[in-house]
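Bear in mind that the values in this text are calculations on the coordinates, not laboratory data. Keep in mind the model is a prediction, meaning the values are calculated, not measured. Cβ placement follows ideal geometry from the backbone for every residue including glycine, while neighbour counts extend to all protein chains displayed.
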Amino acid sequence: MHAESGAAVRLPARDPCETWGREQLRAFQLERLRAQLAYVETHSAYYTTKFAEARFASEDLRTLDDLRQLPFTRKADYVAALDRARPYGEFVAAPLNEIRRIHFSSGTTATPAPQFWTEHDLDRWAGLYARYAHAHGVGPGDVYQCLFGYAWFVGGLGATAGYQRVGATCIPAGNQDTERQLRTMFQFGVTAFSATPSFAAHLADTAHSLGLDPRASKVRTIMLGGEPGASLGATRGWLEQQWGARCYDAYGSLEFQPIGWECSEQSGLHLAEDFLFAEVVDASGDPCPDGEPGVLVLTHLDKQAAPLVRWWTGDVVVRDSTPCSCGRTHARLVGGVHGRADDMLVIRGVNLFPSAVEQVVRSFGGLSPEYQIVLDPSMYDAHGFLTGIRLRVERAGPEDPMHLAERLAEQIRARLQVRALVEVLEPGSLPRSTHKSKRVVREGQAG
């Protein structure tokens, strides 16, 4: 039954902690943080050294703000600690015979880095993903198809375990064989699926090419993750229109599985604040108040295998700690992940994230949802600074490509205050992805 049909939506079950008052939640976080820091101080070779270097002991944590006495932990720190003690590295805190699962980073920019889970960690992981499902109204009687990858990718197994826990019938499909995925959806009456936004869009396009109408399926709930976009109004609106279903953003990473998810209000991703302690900081590491963008920094509150303290995610977010109208009190990330701090483009003093370009493209008539931002030598001045972007899009209607390019360039300048050289391509010209799309492409040697 589709979202717009007016049919009753199953009321989501909640974990009691999701509605605690902020004072109760912060008291719980302080208690859990003290225990977690005592654990890593004793059991993690990396943090034993770091605590000593910072002249910090776990009993020094009297308030949550005291955590700022410790340094950030960055990906480079993790890789270096891995190199010093391969294959498990210096972050492992549980006995090796208690490790039950190992997942790896993609390895696109470095040697794949492992992360670890004990039996307790896996149970916690499944429970948090079950909250995803509950928040989206999924439970017994639903048929869930997981379209996240399983080969080396961390999201697929977690999502499958969580949706199975709430009583849904699960199809662990992965992200290959697009036509077969669609046939399976229709044949088995799939009511919920998860995928990257790119793959959800690709599935809809493929369905139409096969003479199938995605809106005629029984899909009513789509959980989107793995890349930014699901919290963007234009992207969400396009996908919901294509599928006749509600789309919910979800956010996690290899190091923290999962981090946050949307509820029925679709007003931001609720952080799993009983599992992690979240800070939002500026470029210098100082705290950002709610409502201002900053980098998300996370500390495990309940992890045994390889806990992380003040993990620099590199993701730019905006936090809102006020209660949600759904009744949940855990803080929300408004607008989801706005982009990676290292993906931000600075163009004549204007800070630009690819997600902002996506919002313009996907709210602009006459285009397919696909786009590519191209940075080539012509976009840089003599001093190596960006002066604009080259944008490749696909037309999806009869409008003259030159006229379409002019209108889109004007819209980008008006809304984003940057110059764009727009290339309008024929439908199907840009690469499609069944996993994570690469939206920024660097050509030539500049940048």
Charge dipole (the range 295-430, unit charges on Cβ, about Cα centre) - positive-most of 424, 374, 331
331
Within the range 344-442: Cβ-based charge dipole about Cα centre, in debye rounded to nearest 20 (Lys, Arg +1; Asp, Glu -1):
400 debye
In the neighborhood of residue 430, defined by Cβ-to-Cβ distances under 12 Å, what is the net charge if each Lys or Arg adds +1 and each Asp or Glu adds -1?
0
Could you give the dipole magnitude of the chain about its Cα centre, charging the beta-carbon of Lys and Arg +1 and that of Asp and Glu -1, in debye to the nearest 20?
480 debye
As a check on your grasp of the helix formula, calculate [θ] at 222 nm for the chain: sum -39500 (n - 2.57) over DSSP H runs of n ≥ 4, divide by the residue count, round to the nearest 500.
-9000 deg cm²/dmol
Ranked by Cβ crowding within 10 angstrom, fewest neighbours first, how are 58, 284, 217 ordered?
284, 58, 217
Take every Cα pair under 8 Å in the range 344-442 that's 6+ residues apart, average their separations, divide by the length, and report that relative contact order as a whole percent.
32 percent
Please arrange 223, 379, 344, 402 by counting, for each residue, the other beta carbons lying within 10 Å of its beta carbon, fewest first.
402, 344, 379, 223
Other-chain or far-sequence residues with amide H under 5 Å of residue 339's (modelled H)
316
In what order do 92, 317 fall by count of nearby beta-carbon atoms within 10 Å, going from fewest to most?
92, 317
The chain: relative contact order as a whole-number percent, Cα under 8 Å and 6+ apart
14 percent
Entries of 75/303; 50/303; 218/303 with Cα pairs more than 29 Å apart:
218/303
